[in-house]
Amino acid sequence: MEALEPTAALAREAAAHLNEHGYAILDRIADPAIMDRLQAEVKPWADRAERLQLKFFGGGLRKVESVLTKSRAFVTLLAHPVLHALNERILGPESLLNGSSVFILEQGGREQTIHTDGAIYEPMLPRTPGGPHFLLVYMWAVTDFTQENGATRVIPGSHLWPAGRHPRPDDPVEYLEMKKGSVAVWLGSTFHAASSNHTPAARIGTQMGFNCGWLRPHEANLLLVPPLVARDMPLAVQEVLGYRAYRGMLGCIEQQSPGEWLGIQASLGSKSNQVAATPDPFDVEACTRDYFASRALPIPSDVQSELDQLAATNAARAAASSEDDREVLEVVARSQSRHLVSHVLAGEDAALADALRQLPIATAETATHSHARETR
Ligand SMILES: O=C(O)CCC(=O)C(=O)O
Ligand SMILES: [Fe+2]
């Protein structure tokens with residue numbers, strides 16, 4: 001079996017568990033101190049949040065939403081590389097943040113009604129048991145989660161149920177017990193709910209969902225986090241907020257990703273023609289591959305993801321049977337190539353960043369004339 005870097009290995013393991021059971025737990029992948037910070041940062045809002053009145057919530061839940069704008073600790077969790085690697089395995093590349101919330105569960109309610117989170121996309125996207133998946137939801141343990149204090153419970157295997165199969169009282173459930181700093185994750189199609197807290201201390205979890213990059217998220221994250229704020233956030237976070245155009249095509253400003261257009265991300269191209277005046281996508285792919293292969297270094301999971309997307313488009317472009325198809329794929333390849341470069345410039349491989357900076361700038365004009373490159 002191929003050796004994977006730890007992030008990729010963890011994501012692969014979690015994806016296998018998710019696909020089989022509909023949920024997974026990543027044990028203590030965050031420092032418990034981050035959870036304390038998060039709790040302190042959201043306290044002003046948590047103190048004012050009232051118990052949710054709708055019967056659905058069970059009576060014991062209070063909720064803070066748009067936590068992205070209320071807690072830097074949340075942003076730190078949102079940048080965790082394992083999430084992005086796992087999102088990619090389940091949702092495909094370029095997923096978007098669906099929403100950000102904190103659930104405070106207190107003594108005194110009944111259990112929440114069992115439901116699927118994917119229901120927000122029904123009936124437009126009917127249930128697709130076993131995939132493709134559109135939504136993936138993470139719940140981080142800000143305090144320990146136990147059966148006694150109301151840990152989220154899931155019905156294992158329910159992600160495979162066909163449309164119309166509803167939960168029954170005798171369906172076996174699993175309580176997602178976990179230590180502070182761990183994160184549970186379930187599919188949009190998995191039946192689950194908050195349980196009931198039988199202890200005097202609140203059970204606190206912070207939730208972040210992700211949806212496919214071509215689907216509209218629950219919260220309007222681009223309005224919540226304007227460019228001057230997003231500028232100081234990690235690249236992976238900017239991207240899941242929507243500062244990246246999906247496949248370079250959806251959510252653009254003047255043919256570019258919003259982050260590129262706004263100039264809040266490092267790039268190699270000149271501002272005046274960032275779309276065309278960048279290195280040839282074939283060169284970017286080759287240079288990146290050579291760098292890691294010649295040093296026998298593992299490829300960071302985010303760079304690997306960018307490289308896979310670019311390689312697929314480059315291969316399709318090289319194999320395209322018409323000049324028209326090649327030109328269309330060039331647009332996608334250049335966008336993906338710029339995103340790969342952004343990830344390298346934001347990362348730690350300074351030597352690779354230098355190598356990419358040395359690549360000749362091929363304008364769209366010269367690239368079209370160098371047929372040798374395109375048929376490589
Ligand atoms: O707080 C929990 O354990 C789960 C809450 C939940 O699933 C929801 O409100 O959608
Ligand atoms: Fe839910």
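Structural remarks
- Karplus-derived HN-Hα couplings along segment 154-170 (A = 6.51, B = -1.76, C = 1.60, θ = phi - 60°), whole Hz, x at Gly and Pro: 10, 9, x, x, 5, 5, 9, 5, x, 4, x, 7, 9, x, 10, x, 8
- Close amide-amide hydrogen proximity is noted between N149 and H198, each under 5 Å apart and 5 or more residues distant or on a separate chain (H modeled in the peptide plane; Pro and chain starts excluded).
- In this label model, A9 and A350 are separated by 2.9 nm, measuring between points 7 Å along each Cα→Cβ vector.
- The chain: C-alpha gyration tensor shape, a/c 1.5 cut-off, then a/b vs b/c: prolate
- Among the trypsin sites (Lys or Arg not before Pro) within segment 68-167, those in coil by DSSP and having at most 13 neighbouring Cβ atoms inside 10 Å are R110, R165.
- Radius of gyration and Dmax over the Cα atoms of segment 197-339, both given in Å: 18.4, 69
- Helical runs (DSSP H, four residues minimum) scored at -39500 (n - 2.57) apiece and divided by the length of the chain put the mean residue ellipticity at 222 nm at -11500 deg cm²/dmol.
- Close Lys-Lys pairs in the chain, where close means Cα under 30 Å and separation is 8 or more or interchain: 13
Just so you know, all these numbers are worked out from the coordinates, no wet-lab data involved. Being a predicted model, the structure only gives us computed values, none of them experimental. Ideal geometry is used to build each Cβ from the backbone, glycine not excepted, and the neighbour counts take in all protein chains shown.
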